[in-house]
1. Working carefully through the options C:Ala222, C:Ala217, find the one that is open to solvent by less than 20 Å² (accessible area, probe 1.4 Å) and small (Gly, Ala, Ser).
2. Among the residues of segment C:106-157, which ones are over 30 Å from C:Val219 (Cα atoms) and among the small types (Gly, Ala, Ser)?
3. Scan segment C:96-106 and give yes if some residue there is over 22 Å from C:Leu353 (Cα atoms), surrounded by 17 or more Cβ atoms within 10 Å (Cβ to Cβ) and acidic (Asp, Glu), otherwise no.
4. Pairs under 6 Å by beta carbon, first residue over 10 Å from B:Val59 (Cα atoms) in segment A:135-152, partner of a type in the set (A, V, I, L, M) and assigned to a loop (DSSP other than H, G, I, E, B), six or more apart or different chains?
5. Residues being aliphatic (A, V, I, L, M) and touching a Gly at 6+ places or on another chain (Cβ under 8 Å): count how many of those fall in segment A:137-183.
6. Tell me which residues, restricted to segment C:111-122, are open to solvent by less than 10 Å² (accessible area, probe 1.4 Å) and under 20 Å from the mean Cα position of the chain (by Cα).
7. Going by what's in this entry, would B:Leu13 be described as touching a residue at least 12 places away in the same chain (Cβ under 8 Å), within 7 Å of chain A (Cβ to nearest Cβ) and open to solvent by less than 20 Å² (accessible area, probe 1.4 Å)?
8. Can you pull out every residue in segment C:527-550 that is modelled with pLDDT under 75 and either under 28 Å from the mean Cα position of the chain (by Cα) or open to solvent by less than 50 Å² (accessible area, probe 1.4 Å) (or both)?
Amino acid sequence: MSGTGLLLAATDTGTGEAVLFWVLAPVAVLASLGMLLSRKAVHSALLLALTMLCLAGFYLAQDAPFLGVVQIVVYTGAVMMLFLFVLMLVGVDSSDSLVETLRGQRVAAVAAALGFGALLMFAIGDVVVDNAGLDQANRDGNVQGLAALIFSRYVFAFEVTSALLITAALGAMVLAHRERIERPLSQRELSVQRFRGGMHPAPLPGPGVYARHNAVDTPALLPDGSPAETSVSRVLIARGDVRQAPGADVVVRDASQIEGDGDDR
Amino acid sequence: MNPMNYVYLSALLFSIGAAGVLLRRNAIVVFMSVELMLNATNLTFVAFARMHGNLDGQVIAFFVMVVAAAEVVVGLAIIMTIFRARRSASVDGANLLKY
Amino acid sequence: MPTTFASQSVQGAAATGVFSLSWLLIALPLFGAAVLILGGRRTDRFGHLLGTAMPAASFVIGLVQFFALLGRDAEDRAVSQHLYSWISVGSFQVDAGLLVDQLSMCFVLLITGVGTLIHIYSIGYMAHDTERRRFFGYLNLFVAAMLLLVLADSYLVLYVGWEGVGLASYLLIGFWNHVPEYAAAAKKAFVANRVGDFGLSVAIMIMFWQLGTVSFAGVFGAADRASEAALTAIGLMLLLAACGKSAQFPLQSWLGDAMAGPTPVSALIHAATMVTAGVYLIIRSAPVFEGAPDAQLVVVIVGAITLLFGAIIGTAKDDIKKALAASTMSQIGYMILAAGLGPVGYAFAIFHLLTHGFFKAGMFLGAGSVMHGMNDQVDMRRFGGLSSVMKVTWFTFLLGWLAIIGFPGLSGFWSKDKIIEAAFVGDGWRPWVFGIAALIGAGVTAFYMTRLFLMTFHGERRWTEDVHPHESPAVMTVPLVVLAIGSAFLGLLLGPTGAIQHWLEPVVGSHGEQTTALPVSVLTTLTVLLVAVGIGLAWSMYLRRPVPATAPVGTALTRAARRDLYQDAVNESLLMRPGQYLTRSLVYFDNRGVDGAVNGVAALIGGTSGRFRRLQTGFVRSYALSMLVGAAVLVGIMLLVGV
């Protein structure tokens, strides 16, 4: 990239940072690739969170402690948890089908992404920037330096951002709000409905076989020893995450076999 | 190590994010890919801020985070609304606005 | 020679005294027209009286002005009145102004005098028409426009009057527009006049382009300096205008059909005044024509062709009004011929115009009187022997007949023979060609007018069963008598005394003594001889032999003359058919070419859009792909150009 030794010296970073980079960078790339390729949205979210943590490490390494902390708190902490919440609300019911419905989309998308990335790399190859470092800018502390900029040069953008946040909050409320269009049912009506409808009047059986498998993904056993299907969440049934209910005739498994089950989904 | 490596990494992550937007059909995953792309650009800002020796890049990255947070809130609300109406979060499902 | 004094004469002194009333000449009939046309049925009761009073009042003013002019020196007899500044655009200034000089005074007196007589006559002639008030409104409109035409002091103001008389002519020809043929005749006259008007407008444009002014004074003053080509172009365009208005070859075809209008209209507009506007225009533009000998030659040729053309048609027509119309065409041909001869002919052209205005108006009104008594029949083969039952009409017509054929002593003798003499002035081939044409025309005129007169008033009675001819009421015969007196003695008053030449000399110039190709006495004798031959021929053919009630087949020439020498057929095949083909092909081109191109472009865009529309799949991921590809292309371009 740089032709002269002087420039090379000027642009070089410390060994510690290099080690950090070469450890975290593959993790970040692999995690993001995993996000791209995993069929389950929850896995994608968790892998993305991992990528973001790696990025936070990079920020910290590059004299941006404030951003690094914000990255962890806001992104990994708030944004990604929001994603997970919504995933739960929307339902973790199904994983994406692998069949591409748009003709040629997959090939074109891969080609475009690769081409774009290659172009970007090529363009970056032309950039020659010396490594000035932030020692001067951060002499009063990183947070103080940022604050000085935000509240002076970028104060207008900052104020506008506040308006944006308020608008976004309002917008989210408006979008998520559902207008009630009928009278709420009274308790009496609800109980009449429950009994008339032939539904299970009493609470459903709880899951879990106490003393052996006290877990939500294990159906309870009925008195005759057969598993009670209604005792586990439908979501878990739909995801195929229900464990085998240990019946009266079930062979006793060892602990390692049971733990190994968790990864086999 | 050359600090430009951060930028290369950022380009790589950005491309992966772009591919995710193009390939995944689950609206939430698409949204995550978008977040990945934003993060990749943030990395670039931070890297260049250090190379240039001033904090403007970090300020910009900060603003990107703020805007991304707002965007996530609104975007997820939209996805929820769509899901309520269609019982599906597939981006291919909402294709009525066409020729 | 004449250009200099002409330019001086039209610059006239400022209007004072009675001349400051010149605008009233026009305003009075215009007021009458406005009241009668806008007033509606409320004015029915007095409409005809008001309509007659207005031109009569104008006549009185004109007469007073005429005597005031007589009281002045010959050089001071041009009076101009500036009315208001009409158009003021940069260097282009047009003032609305009036010019009263010797030439326009002749016309004012003719228009208002003969016009008033014809208005009086119309009271009787149109007595039974429910629309008589409207008729008088149109007549007044015509008089106002015609006065504006002759009193204008610039070509642009003249143009307004020119269009005004065209409009009035159209309205009056089509007065009985419930008859489709009459409406068609009005349309034909209008279209033919448009062709001429086009010439006038082009002439005005050339004047403005080349000379920078359109006023008479300005144009004539600048005519010295203008190139001969420009003057020739202006002259030819003015001639085209004159041809259209005066029914000269090749725009003559409308005049015969224009007889569809009521007979007083034929007398006033299509005999005495409007059709002579072309003569006025050419003589008024004398300085232009003096600078363009080629244009003058064309004027003479047109006049000669038309006078023979009209005379030949006149010999074959059985419709009394159409025969008179052909005669009018022929007589105006004489005037145009004289106008083209230059200063030697100008005064005689105006002289003949005046006398012709009297005797032709008289004869038209006489024909109207005959039709009035014969249930509006016009076929002369069903007339005959009317002299005993319509004595006044017969006698006035007799005087008109003698006047037009140039019977020695009567008006035509003094005016037409002078034109024949003038046609013989000069050297080379011209005097012989034009002189002999004029001579032959005189003979043929005598033949067809005698034929008309004898077939109508003499011979056996060939009336249809249901007609009972009777003399017309006094309100119609009195104007006939006045006009007949004018026909008889106007020539004697003005001709031998040289009064007309003397009067017009400041305007049209003098020519001094000119030698004719043949001695004047020989010419006079020859003319009288030819006239006598014409009369004798007509007498032997239409009085000694019985006239068949239905027209015999006749010779090829007769058949051609009956069909106006195929002028309609020529117009049809030369102008109408190609015009129709042109418009049809233009329509075809418009439909297929222009519309096709437009529709083709639209279809191309529509089809392409229809295909491109498919790109709008509704799939967000497709759009995102497009965005990414676009971003990649942008990055690639930026790399290539090295930003």
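1. C:Ala222
2. If the condition is that a residue be over 30 Å from C:Val219 (Cα atoms) and among the small types (Gly, Ala, Ser), then C:Gly113, C:Gly115, C:Ser122, C:Gly124, C:Ala127, C:Gly137 are the ones that fit.
3. no
4. A:Ala137/B:Leu55
5. Looking only at that region, the number is 1.
6. Result: C:Ile111, C:Thr112, C:Val114, C:Gly115, C:Ile118, C:His119.
7. yes
8. Passing the criteria: C:Val547, C:Ala549.
The values are calculated or read from the model by the stated rules, or taken from the named source; none is laboratory data. Being a predicted model, the structure only gives us computed values, none of them experimental. For neighbour counting, all protein chains shown are included, and Cβ atoms are generated from backbone atoms with ideal geometry for every residue, glycine included. These accessible areas exclude ligands, DNA and RNA; they are computed on the full protein's heavy atoms, side chains included. Shrake-Rupley method; radii C 1.70, N 1.55, O 1.52, S 1.80 Å.
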